[in-house]
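Chemist: Let me give you the structure first, and then I'll get to my questions.
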Amino acid sequence: MTQSAAREYAIHEAAHAVAAHVCGFHVKWIAIAPERKSGKCELDRGFDVDRTLYDLRNNPEPDTASQLLLRLKRDLVGRLSGMVGDELFGIQGSDEEYRKDSHAASQLEDYIRQAEWSRANPRPPFSEREALSSIDSRMREFVREEVLMPNRDTVEALASLLEQARKLRRDEIMAIFDANALTFDMIKDEQLP
């Protein structure tokens, strides 16, 4: 049995919303428009990604750099969650959504890898830098096992409401999160791969 396009987009965006919430980002709204082959999960991350990347490259303070790196890892969890959610629910997913999510995730993975390598002491040889595929697979496993699987019921509940309504405001989203006891910012820094 194949799922409707609306259901597929709803699952994808609901997975983004759940991951964002548990990573400490405020979900403003989510919407789907299957007829236009699009969906959106609008967030307030509490930081600007570009500014964080700039600061990470230019800040020699190890404590500050570590905090900036954790922000990027949390953002990466959110970026990967739609694709991982699709896999978890057996959905093919939209090629356009995958392109956008994959591009953003690949850039973040590259920045994370570069930052971790440049901050290592002693710095390993270039040949021993972790491959992007390794970061991607570790983060995808984390998203699947630590973020989405334990919160599968919340993803489903949110997707069901979104499938019908097509757009949900923050208060509607929070009602689902509260009903499912989804804790804001429950992913702790030490848990991130």
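Here, each number is a calculation from the coordinates, and none is a lab measurement. All values derive from a computational prediction rather than experimental measurement. When we count neighbours, we look across all protein chains shown, and the Cβ atoms used for this are built from the backbone with ideal geometry, even at glycine.
Chemist: LYS73: which lysines have alpha carbons under 20 Å from its alpha carbon, excluding same-chain residues fewer than 8 sequence positions away?
Modeler: By straight Cα distance, LYS73 reaches LYS100, LYS188.
Chemist: Projecting each Cα onto the charge dipole of region 5-89 (Lys/Arg +1, Asp/Glu -1 at the beta carbon, about the Cα centre), which of HIS21, ALA31, LEU68 comes out farthest on the positive side?
Modeler: Most positive-ward Cα: ALA31.
Chemist: Within 10 Å of each residue's Cβ, count the other Cβ atoms and sort THR183, THR52, THR154 from fewest upward. Could the numbers behind the result be given before it?
Modeler: Details: THR183 10, THR52 18, THR154 22.
With the fewest neighbours first, THR183, THR52, THR154 line up as THR183, THR52, THR154.
Chemist: Another question about this same structure. Magnitude of the Cβ-charge dipole of region 5-185, K/R +1 and D/E -1, about the Cα centre, nearest 20 debye?
Modeler: The dipole magnitude comes to about 320 debye.
Chemist: What is the list of residues in region 3-31 whose amide nitrogen lies under 17 Å from a point 7 angstrom out from the Cα of THR183, following Cα to Cβ?
Modeler: Residues 18-25 fall inside that zone.
Chemist: Which far-off residues, 5 or more places away or on another chain, put their amide H under 5 Å from the one on GLY39, with H placed in the peptide plane?
Modeler: The answer is ALA33.
Chemist: Determine, from the Cβ-Cβ distance of SER4 and LEU70 and an R0 of 35 Å, the FRET efficiency 1/(1 + (r/R0)^6), rounded to the nearest 0.05. Display every interim value, and only then the final one.
Modeler: Values: r = 38 Å, r/R0 = 1.08.
The value I calculate is 0.40.
Chemist: So what's the angle, to the nearest 10 degrees on a 0 to 90 scale, between helix 170-179 and the longest Cα principal axis of the chain?
Modeler: 90
Chemist: Let me ask something else. Apply the Karplus parameterisation 6.51 cos²θ - 1.76 cosθ + 1.60, with θ equal to phi minus 60°, to every residue of region 76-91 and state each ³J(HN,Hα) to the nearest whole Hz, in sequence, with x for glycine and proline.
Modeler: 4, 4, x, 5, 7, 4, x, 5, 5, x, 4, 4, 4, 9, x, 9
Chemist: For VAL84, VAL49, VAL18, which order do you get if you count the other beta carbons within 10 Å of each Cβ and list the fewest first?
Modeler: Placing the least packed residue first, the sequence is VAL49, VAL84, VAL18.
Chemist: Hey, what do the phi angles of region 38-46 turn into as Karplus ³J(HN,Hα) couplings, whole Hz, using 6.51/-1.76/1.60 and θ = phi - 60°, x for Gly and Pro?
Modeler: Coupling constants for region 38-46: 8, x, 8, 10, 8, 10, 10, 6, x Hz.
Chemist: Okay, moving on. Taking the Cα-to-Cβ direction at ARG57 and at ARG36 and moving 7 Å from each Cα, how far apart do the two end points lie in nm?
Modeler: Each label point is offset 7 Å from its Cα along the Cβ direction, giving 3.3 nm.
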